[in-house]
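The values are calculated or read from the model by the stated rules, or taken from the named source; none is laboratory data. Since this is a predicted model, take the numbers as computed values, not measurements. Here the Cβ positions follow ideal geometry from the backbone for every residue, glycine too, while neighbour counts run over all protein chains shown. For accessibility, only protein heavy atoms count, side chains too; no ligands or nucleic acids. Shrake-Rupley method; radii C 1.70, N 1.55, O 1.52, S 1.80 Å.
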Amino acid sequence: MELEALRSIYEGDLCFRELSPVSFQYRIGESGDPKAFLIEVSWPETYPQTAPVISMDAFFNNTISSAIKQSILDKLMVEVEANLGTAMTYTLFEYAKDNKELFMENQPVNTVTSVSNSIAIGTPDVPASKKKDKKEQLSKTQKRKLADKTDNKGELPRGWNWVDVIKQGEKMTEVLKR
């Protein structure tokens, strides 16, 4: 029943993701928020009489320090203990959303800025409008080969690279036989 409730509550919510019928992820915070984190909750066979497995090992959480992750998990486990015996996944997600700032208050905000340092040696600054882009020049032979491969519209015919695919498949079969 909790599964149906979660599906109906979070239908259309981009933060919620059902990994399997017993495993769910919820992103706390907006996508660009440096203090956003992802919680994964999995239900064991005896859930809700036993505690769900709560994880923050997702790649999304790589920027969060392990101490902060452990602190969040500890606070969520206190909430789990208080709700043991009842359906609590929704409660855990909402608790995390309500306490996001408290959870992440000690997390340093790392802003990534890119600085490009370029040094030109012996090249005067010329405005882009005065520079002329050189096109790659093809020889007559290269042009002729290209014209022979393409149709009158300049497109390659269907299946022109199939031989390469077949050769690659043969190589893979030889490797697998070894």
| task | Using Cα positions and a limit of under 13 Å, work out the aspartates and glutamates in reach of K35, with same-chain residues fewer than 8 apart set aside. | result | E101, E105
| task | With label points built 7 Å along Cα→Cβ from the Cα atoms of D57 and L19, find their separation and express it in nm. | result | 0.9 nm
| Solvent-accessible area of E94 with every protein chain in place, 1.4 Å probe, in Å² to the nearest 10 | 40 Å²
| message | Show me the ranking of peptides 59-71, 34-46, 4-16 by mean Cβ neighbours inside 10 Å, starting with the highest. | response | 34-46, 59-71, 4-16
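Of the heavy-atom accessible surface of the stretch 1-69 (probe 1.4 angstrom), what whole percent is carbon and sulfur? Before the final figure, lay out the partial values.
Working: 2220 of 3970 Å².
On the stretch 1-69, the fraction of accessible area on carbon and sulfur atoms equals 56 percent.
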| query | Can you list the HN-Hα couplings for the stretch 55-70, worked out from phi with the Karplus curve (6.51, -1.76, 1.60; θ = phi - 60°), rounded to whole Hz and with x for Gly and Pro? | reply | 9, 10, 8, 5, 4, 4, 8, 4, 7, 8, 5, 5, 5, 5, 4, 5
